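Everything below concerns the one structure shown next.
The values are calculated or read from the model by the stated rules, or taken from the named source; none is laboratory data. Predicted model, so just to flag it, every value in this text is computed and none were measured. All Cβ positions, glycine included, derive from the backbone under ideal geometry; neighbour counts span all protein chains shown. Ligands, DNA and RNA are stripped out before the accessible areas are found, and what is left, the full protein with its side chains, is counted by its heavy atoms. Shrake-Rupley method; radii C 1.70, N 1.55, O 1.52, S 1.80 Å.
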Amino acid sequence: GIGQDVTELTCARKEFERKLESAANQDVLTSLPNRRYFYEFSEEIFALHKRYGDACSIAFLDLDFFKKVNDTWGHEIGNQALIQTSQLLKSTTRKLDIPCRYGGEEFALILPTTDLLTGTRVAERIRSAIAATPLVFTDTQGQAQQIEINASLGVDVFSHRDNDTPEGFVARVDALLYQAKENGRNQVVHGVHSDMSPTATVTTDEKDALFGLFDE
């Protein structure tokens, strides 16, 4: 059960780390895995979690009013905001998690062995970190400038009980992200599940082993 799940998960991650070395799977600007990698890896993880009855969460993140940043300050500053966001994603998630550049100002985060309660907490931690970290830069006149950056997130859990296809599940999470935008932005909207209690699907020791494997 769990031990086999962890073993297969580590093998899958190592294989996809090798694939990430290919330029075709990496976003040039942020060095994060790209959309192609996201879809390939998420299908593998969904199949694994469905087989062993383990939960896996996914979050989508979109920077709020990003077009205004580009229109006001130019695409170079917009790129700096994207790079800073990618760095915050790396620093606020576990080594086991997979942050990806989905496209434009949108990011995706695969959270293996993660229930909805934990996934929602991770999403809120990311939202808070982005809001608390303005982009600081020097403009063309040599003046120091500071831009507040906010993000909207949608998060849901994929479990063995779901009949969703990976594509259907991704569409569901994307709809939650859209709802966060419609509700006023700079917030997390999660899926509706009757059970928001944490699940002990992977032990602390096993998680420590997993994190150790993926340490850089």
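The table below gives the values:
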| quantity | calculated |
| --- | --- |
| Distance (nanometres) between label positions extended 7 Å along Cα→Cβ at Val192 and Asn163 | 1.8 |
| The stretch 30-77, dipole about Cα centre (Lys/Arg Cβ +1, Asp/Glu Cβ -1), debye to the nearest 20 | 100 |
| Listed residues Arg127, Arg172 arranged by accessible area, highest first, probe 1.4 Å | Arg172, Arg127 |
| With all protein chains modelled, accessible area of Asp115 [1.4 Å, Å²] | 10 |
| Per-residue SASA entry for Glu105, accessible area with 1.4 Å probe, Å² rounded to 10 | 60 |
| Geometric extent, Cα atoms of the stretch 65-196 - Rg, Dmax (angstrom) | 16.1, 58 |
| Computed label-point distance, nm, for sites Arg35 and Arg121 using a 7 Å Cα→Cβ extension | 3.3 |
| Residue order for Arg121, Arg101 - accessible surface, 1.4 angstrom probe, largest first | Arg121, Arg101 |
| Length added when fully stretched, Glu43-Gln179, from 0.36 nm per residue minus Cα-Cα | 46.5 nm |
| Length added when fully stretched, Thr138-Lys67, from 0.36 nm per residue minus Cα-Cα | 23.6 nm |
| Accessible heavy-atom area order of Leu82, Leu117, highest first, probe of 1.4 Å | Leu117, Leu82 |
| Sulfur and carbon atoms: percent of accessible area, the stretch 40-152 [1.4 Å] | 50 |
| Cα-based Kirkwood hydrodynamic radius, the stretch 23-80, one decimal, Å | 14.0 |
| Exposure of Tyr178 as accessible area (Å², to 10), given a probe of 1.4 Å and all protein chains | 140 |
| Å² per residue, accessible surface of the stretch 61-176 at 1.4 Å | 43 |
